[in-house]
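*Asks:* I am attaching a structure below and will ask some questions about it afterwards.
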Amino acid sequence: MNPEDLDSLAEYSSPLLRGSEAVITITRPDLESNSYLSQLFALQEKSSTRLTHNWRDYAPEVSRDWSGYLSAAKKEPAQLFVGPSLETAHRVTDNHLGVSEFALDDEGARALYVARVAEPGRCGQDEDIPAGEEAPRRITSAAYLSNGVGYVDDRPARAFLVDLVEPGLGKSGITGGAEVPLSTLLKTPESDVHDPQFSPGGERISVLAPLEPDHGEPDLRSTVWLLGGQDPEAVELPRMSVDMHRWIDDETLLMVGNELTRDELDFVGQMPGLFVHELRTGKTRRLTDPETVSIAAIRPRIAGTGADGSAAPQGSGPTGAAVIAAVDTDGATRIAAIDVTAQMVGLDELDFLTDDTTVVNGFDVAGDSVVFTAQTPTSGAVLARTRLATRTGALAKEGAAGPHAPTVLRQHPAPANSVLPQLLRVDGEDGTITGWLAKPSGPGPFPVILNIHGGPFAQYTHGWFDETQVLASAGYAVVYANPRGSGGRTRTWGTAVRGNMAEPAMADVLAVLDSALAADPDLDSSRLGVQGGSYGGYLTAMITTDDHRFEAAIVERGYLDPTSFVGTSDIGRFFSEEYTTRDPRAIAAQSPLAHAWQVRTPSLVMHSELDFRCPLEQAQQYYAALQRAGTDTEMLIFPGENHELSRSGQPRHRQQRFEAMLDWWDRHLGDDVDADVDDQTTSATR
């Protein structure tokens, strides 16, 4: 893959079963318009139909009587479209800052949605008051910024109800018209709300929000809030942070969240779990083991089972029901069936419906059928199906599947010069380290780049990855791994870097690199580079303070000064010191900025101008320190971008990011690094 191939990629997401069809969102970066196009498609075995035609249509929901999705015109905020079907949906909102998420209620013929509400005179509501002339902001909260949003206290996320009555002969819902049904602003907690839900019978309306308002002290506790009464009512839960929820019935909640075991800030290495809460008894039960099972950030589904073993409709009640959930495992995200009556079930006890190399990003269940979208080692976008009776089997092509193998319905082709990474298993100090080696086609020896992921409680996967493919197509071998501190393993593995953010992970990534170099003569150990983003930028900077064998480094969107991070990052008030501790000596020992004077490796410092997660000042301070130390360094700043540049930034900036990386590596690891251009599976020489 070359940088200019970016707009040949696609992402499949948000799968839904609608009768015999699978509905998915297909999203594509478009370099010409410098934006993303996404539409909804209905797919069957031998046909596909585009259902929507706006610039960005996504997040579909289909219920018995109503269907909806979010839709945005080019460079406009998303609004909610709802109708009897996805094809006949019309606009029902006109919120200045757009709609972020929604739920549908068949019984009451209404929608519950979340939208930010700006204070008067802010966010462009008044054309006579540009951003630079807005009134000053008075801040008293601890978390007043959010990456990708900006200031949040003056634009809180609120919940609204809107009735779903067909507009008939009126002007409401007519394309190009300005009229929409009247929405009702619900009374909600002080803080931002998210994840709107109805109970199956429509009796309950709920959202998630912090347990306590933010008056200047960080607190990660959150809960389910019941709306629609005179005042919002908090569901009493154990000390935990709830990420998403849904109703099993009108009195029973299913939740995905983290226990905060020590206190309200104890988030490091917590494994997201499944919880069931009964409103009548006030009891909460954890279904999954907090040490070995990590539930992915994908909404779980409920599948009931009848006497004959067939699946019953969602909402049929907890008796005999199973929770279908996505579970993060070592290098994969897998769909698993978990009995709703389970308690602390471990990873080895789970019934998996997908294999250990597929990275699921969404799924739906209807009857005993399951459809899912995913990445595989050979494709960045796959739609597949399986059945609840299926046990683990490798993905198979349509018509070639065995009785227990999920079947691929659609697969977006990867660029022709893609390579298949080799799985590495390397012995480490605290267990086996999982890693990969992606080599260019053709003869070596190849210069080698050690790539390090962010988080730290995140992971690389078996899935097709554009960054790896761009580097390999340019002639670089890429080594990457999931060291201690990563997700996908156990809580013990994830907490191994608490109080010592660098050394355990550094030892592990270098162990994988050294193992690859020793085992493969195609790798040139005299031409090494190291790069990483966010926590990966942090670890890159820490490695180059001690290990001087690398010819060059790229430190991207790095966590580089733990001290200033506390006051400038949107997560600074809780993240930094939970990892480093509050001991000044310990913080200094773990600080790249404090050790920058030791770096001799030429370093490109890349950052986004509007990054509120790892703010720009982190890069600026590190760059200045390298210059003062006499180290060869450059800084590259992307205007208008935030922490998500590499994943969802403007397509042209993403292309320019790849080009900047390759330029830096070509300058420092030698010019003659392109893969064999006579091999038709490789890219042409740049």
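The values are calculated or read from the model by the stated rules, or taken from the named source; none is laboratory data. A quick note: this is a predicted structure, and the numbers were derived from the prediction, not measured. Note: ideal-geometry Cβ built from the backbone for every residue, glycine included; neighbour counts use all protein chains shown.
*Asks:* Restricting to the stretch 490-506, what's the tally of residues that are more than 23 Å from Val530 (Cβ to Cβ) and either small (Gly, Ala, Ser) or surrounded by 22 or more Cβ atoms within 10 Å (Cβ to Cβ) (or both)?
*Replies:* Residues meeting the conditions: 1.
*Asks:* Being over 19 Å from Phe612 (Cα atoms), in the same structural domain as Ile449 (by TED's automatic domain parsing) and either part of a helix (DSSP H, G or I) or modelled with pLDDT under 95 (or both) is the requirement here; does Ile554 meet it?
*Replies:* The answer is no for Ile554.
*Asks:* Let me ask you something else. Among the residues of the stretch 330-358, write down those that are hydroxyl-bearing (Ser, Thr, Tyr) and assigned to a loop (DSSP other than H, G, I, E, B).
*Replies:* Matches in the stretch 330-358: Thr341, Thr354, Thr357, Thr358.
*Asks:* Run down Ala619, Ala596, Ala589 and say which single residue is at pLDDT 95 or above, surrounded by fewer than 20 Cβ atoms within 10 Å (Cβ to Cβ) and of a type in the set (A, V, I, L, M).
*Replies:* Ala589
*Asks:* Go through the residues of the stretch 637-644 one by one and say whether even a single one is in contact (Cβ under 8 Å) with a residue 60 or more places away in the chain and more than 22 Å from the chain's Cα centre (by Cα).
*Replies:* Within the stretch 637-644, none of the residues are in contact (Cβ under 8 Å) with a residue 60 or more places away in the chain and more than 22 Å from the chain's Cα centre (by Cα).
*Asks:* Can you tell me how many residues within the stretch 165-189 are surrounded by 15 or more Cβ atoms within 10 Å (Cβ to Cβ), part of a loop (DSSP other than H, G, I, E, B) and either of a type in the set (Val, Ile, Thr) or modelled with pLDDT of 95 or more (or both)?
*Replies:* The qualifying residues number 4.
*Asks:* At least 3 residues that are more than 26 Å from Ser183 (Cα to Cα) in each: list the strands (runs of 3 or more DSSP E) lying fully within the stretch 216-283 that qualify.
*Replies:* Correct list: 240-249, 252-259, 273-278.
Residue-by-condition table, conditions (1) closer than 28 Å to Trp247 by Cα; (2) crowded, with 16+ Cβ neighbours inside 10 Å; (3) not acidic (Asp, Glu):
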| position | (1), (2), (3) |
| --- | --- |
| Val23 | yes, yes, yes |
| Leu51 | no, yes, yes |
| Arg56 | no, yes, yes |
| Asp65 | yes, no, no |
| Lys75 | no, no, yes |
| Gly83 | yes, yes, yes |
| Ala89 | yes, yes, yes |
| Ala109 | yes, no, yes |
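*Asks:* Looking at Pro3, Pro15, which one is within 22 Å of Thr378 (Cα to Cα), in contact with a helix residue (DSSP H, G or I) (Cβ under 6 Å, 6 or more places away or on another chain) and not hydrophobic (A, V, I, L, M, F, W, C)?
*Replies:* Within the list Pro3, Pro15, the selection yields Pro3.
*Asks:* Does the stretch 221-243 contain at least one residue that is modelled with pLDDT of 95 or more, of a type in the set (Lys, Arg) and closer than 27 Å to Arg573 by Cβ?
*Replies:* yes
*Asks:* Give the residue, chosen from Gly108, Gly83, Gly124, that is over 24 Å from the mean Cα position of the chain (by Cα) and more than 30 Å from Arg28 (Cα to Cα).
*Replies:* Gly108
*Asks:* Then there is this: Answer with yes or no whether Asp5 is surrounded by fewer than 20 Cβ atoms within 10 Å (Cβ to Cβ) and outside any strand (DSSP E or B).
*Replies:* When the stated conditions are applied, Asp5 does not pass them.
*Asks:* Would you be able to tell me the number of residues in the stretch 239-266 that are within 19 Å of Thr281 (Cα to Cα) and touching an Asp or Glu at 6+ places or on another chain (Cβ under 7 Å)?
*Replies:* Summing the residues that are within 19 Å of Thr281 (Cα to Cα) and touching an Asp or Glu at 6+ places or on another chain (Cβ under 7 Å) in the stretch 239-266 gives 6.
*Asks:* If you check Ser47 against the conditions, is it farther than 22 Å from Thr184 by Cα and either surrounded by fewer than 17 Cβ atoms within 10 Å (Cβ to Cβ) or touching a Cys at 6+ places or on another chain (Cβ under 6 Å) (or both)?
*Replies:* Against the criterion (farther than 22 Å from Thr184 by Cα and either surrounded by fewer than 17 Cβ atoms within 10 Å (Cβ to Cβ) or touching a Cys at 6+ places or on another chain (Cβ under 6 Å) (or both)), Ser47 qualifies.
*Asks:* A further question on this structure: Determine if the stretch 71-78 includes at least one residue that is farther than 30 Å from Arg573 by Cα, of a type in the set (D, E, K, R) and modelled with pLDDT under 95.
*Replies:* Yes - at least one qualifying residue is present in the stretch 71-78.
*Asks:* Inside the stretch 15-36, can you point out the residues that are part of a strand (DSSP E or B) and under 16 Å from Thr49 (Cα atoms)?
*Replies:* Across the stretch 15-36, the qualifying residues are Pro15, Leu16, Leu17, Arg18, Glu21, Ala22, Val23, Ile24, Thr25, Ile26, Thr27.
*Asks:* Please verify whether the stretch 447-466 includes one or more residues that are part of a strand (DSSP E or B), out of contact with any helix residue (DSSP H, G or I) (no Cβ under 8 Å at 6 or more places or on another chain) and either over 16 Å from Gly536 (Cβ atoms) or in contact (Cβ under 8 Å) with a residue 24 or more places away in the chain (or both).
*Replies:* no
*Asks:* Among the listed residues Val479, Val426, Val497, Val470, which satisfies the condition of being part of a loop (DSSP other than H, G, I, E, B), among the hydrophobic types (A, V, I, L, M, F, W, C), in contact with a helix residue (DSSP H, G or I) (Cβ under 7 Å, 6 or more places away or on another chain) and not assigned by TED's automatic domain parsing to the domain that holds Gly346?
*Replies:* Val497
*Asks:* For the structure I just gave you, tell me whether Ala519 is crowded, with 21+ Cβ neighbours inside 10 Å and modelled with pLDDT of 95 or more.
*Replies:* When the stated conditions are applied, Ala519 does not pass them.
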